[in-house]
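Notes to accompany the following structure.
Bear in mind these aren't lab numbers, they're just calculated from the coordinates by the rules spelled out. Predicted model only: the values in this text are computed from it and were never measured. So basically every Cβ, Gly included, is an ideal-geometry build from the backbone, and we count neighbours across all protein chains shown.
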Amino acid sequence: MGRAFVYVILGGGVAAGYAALEFTRRGVSHGELCIISEESVVPYERPALSKGFLLPEGIEVVLGTWVKSADVKRKTLLTATGETISYKFLIIATGARALKLEEFGLNGSDAGNVCYLRDLADATRLVDVMQSCIGGNAVVIGGGYIGMECAASLVINKLNVTMVFPEAHTMARLFTPKIASYYEDYYIAKGVKFIKGTVMSSFDMDSDGKVTAVNLKDGSWLPADMVVVGIGIRPNTALFEGQLTMEKGGIKVNGQMQASDSSVYAVGDVAAFPVKLFGETRRLEHVDSARKSARHAVAAIMDLEKTNEFDYLPFFYSRVFTLSWQFYGDNAGEVVHFGDFSGNTFGAYWVNRGNLVGSFLEGGSKEQYEAISKVTRLRPAIEDLGELEKLGLGYALAE
Ligand code: FDA
Ligand code: NAD
């Protein structure tokens with residue numbers, strides 16, 4: 001059993017959706033393009049986990065189908081249902097999966113009230129569990145994006161929330177201690193509790209297989225009606241290990257998003273691509289890079305000679321409660337904070353080897369966010385950090 005296509009997109013997430021949109025925008029004939037996804041729904045905007053589906057018509061969509069092996073030399077994919085799908089060009093958009101507690105030597109992921117959040121099925125389940133626990137205790141394991149965003153939603157939905165994570169402050173991959181402390185104070189005022197510098201060691205379970213308490217390494221324990229786990233992700237590269245070059249835990253691609261085999265492209269969370277601005281290969285786990293890398297790969301495939309190198313300015317953002325921040329560039333080097341940390345608008349610049357390389361802003365206007373984005377792309381030389389601190393946001397607005 002087999003089918004052949006010119007273009008195959010493997011994965012049905014954000015990057016797959018944007019790649020499909022770009023293919024149709026540029027014009028593909030009926031039957032040329034196929035998307036294969038494990039999920040039972042067509043690609044959707046993951047951040048909102050809304051049902052804003054992305055897919056145009058005229059594309060062969062193979063849903064609810066796990067691809068179990070890939071043969072890069074033969075240009076074929078084998079599905080769990082036994083079908084062989086061959087391609088001329090493959091776009092790998094397999095994204096990432098949530099890391100499980102078991103991968104840290106712990107147990108309990110299967111418990112009825114332990115939730116992860118990666119896809120629509122997870123989101124539906126989390127909402128169901130949450131609704132059965134209103135007024136009860138939620139323990140959030142992990143102090144990153146999922147931890148912060150879920151803790152906010154849980155407390156808004158009237159659960160008592162405690163966050164547990166090993167670092168000294170939240171969002172340790174990005175926030176400085178000063179930035180983190182602003183958000184933590186805000187969360188505390190909303191009723192969220194923080195337990196830092198420790199990790200869970202085990203769950204107590206009832207006879208129905210539900211968690212009743214979370215035991216911590218420091219010897220303490222927390223009563224729990226539900227648990228949300230957000231302890232990072234692992235890119236879905238397994239199908240291509242040993243067949244394509246890997247870097248930074250992902251599939252290494254060039255500035256055209258092309259992998260070490262010239263018929264294969266990788267986009268989104270799974271791709272490690274050269275960030276020209278930093279002169280370095282990076283793998284980013286954010287939606288803007290998924291959308292733009294997908295569009296770039298399709299442009300490169302359909303316009304083989306002419307496409308420029310992908311020249312991407314990393315962009316991350318989050319919105320919780322009434323707060324909203326944006327970050328552009330790289331959080332490397334020395335940090336200069338600015339603005340009013342007791343008010344609504346503040347931020348930070350990162351200066352690495354004499355150049356401004358990163359900017360963070362909370363509570364900005366559209367114009368202010370545009371200004372920090374623009375200035376970060378310019379990488380201006382900074383001679384006097386004190387002067388930059390004094391000028392604050394005014395520095396970006398004046399550039
Ligand atoms: P994604 O994970 O979206 O898709 C991968 C797809 O491949 C899935 O459909 C999967 O089923 C499929 N797949 C994998 N292996 C397969 C196989 N072998 N066979 C068949 N199918 C397979 N970012 C941001 O910048 N701002 C934000 O606010 C948020 N918010 C946010 C909320 C939540 C809840 C999550 C989980 C994530 C975010 N993100 C975010 C991150 C952002 O959503 C993420 O970077 C993109 O979804 C990455 O898109 P991809 O298409 O690369 O992977
Ligand atoms: P993350 O990398 O942001 O955070 C992981 C957190 O896990 C760390 O901050 C740490 O506190 C914690 N941790 C690590 N080991 C632990 C352990 N043994 N016990 C307890 N905690 C431990 O990952 P995430 O929050 O799981 O998010 C998953 C993915 O979703 C990421 O790729 C993220 O970029 C993406 N996402 C992005 C956004 C956004 O951009 N606004 C929103 C949601 C999710």
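At-a-glance table
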quantity: Amide hydrogen neighbours beyond the local backbone of V275, cut-off 5 Å, H modeled; calculated: E280, T281, R282
quantity: Volume in Å³ per residue [convex hull over Cα atoms, computed for the chain]; calculated: 153 Å³
quantity: Amide proton proximity set for S324, modelled H, under 5 Å, gap of 5+; calculated: G363
quantity: Amide H partners (placed H, <5 Å) of V357, local residues excluded; calculated: W350, V351, N352
quantity: Net length gained if the chain between E280 and R74 were fully extended (0.36 nm per residue, minus Cα distance); calculated: 71.0 nm
quantity: Vicinal HN-Hα couplings computed from phi for region 240-245 (Karplus, 6.51 cos²θ - 1.76 cosθ + 1.60; Hz; Gly/Pro x); calculated: 10, 4, x, 10, 10, 6
quantity: Cα→Cβ-extended label distance, 7 Å offset, between R125 and N344, nm; calculated: 3.9 nm
quantity: Two-decimal log10 I(q)/I(0) for region 224-306, as the Debye equation yields it once each C-alpha is a single scatterer, q = 0.13, 0.17, 0.24 Å⁻¹; calculated: -0.43, -0.67, -1.19
quantity: Under the Karplus curve 6.51 cos²θ - 1.76 cosθ + 1.60, θ = phi - 60°, whole-Hz ³J(HN,Hα) for region 382-394, x wherever Gly or Pro sits; calculated: 10, 8, 10, 5, x, 5, 4, 5, 5, 6, x, 4, x
quantity: Cβ-derived FRET efficiency at R0 35 Å, K88 paired with D311, nearest 0.05; calculated: 0.85
quantity: Order of H30, H296 - criterion: other Cβ atoms within 10 Å of each residue's Cβ, fewest first; calculated: H30, H296
quantity: Cβ charges +1 (Lys, Arg) and -1 (Asp, Glu), total dipole of the chain, debye; calculated: 560 debye
quantity: Derived scalar couplings ³J(HN,Hα) [region 319-325; Karplus, 6.51 cos²θ - 1.76 cosθ + 1.60; whole Hz; x for Gly, Pro]; calculated: 9, 9, 6, 9, 8, 7, 10
quantity: Backbone N within region 363-377 under 18 Å of label point (7 Å from L391 Cα along the Cβ vector); calculated: 368-377
quantity: Cβ-defined net charge surrounding A172, 14 Å radius [Lys, Arg +1; Asp, Glu -1]; calculated: +1
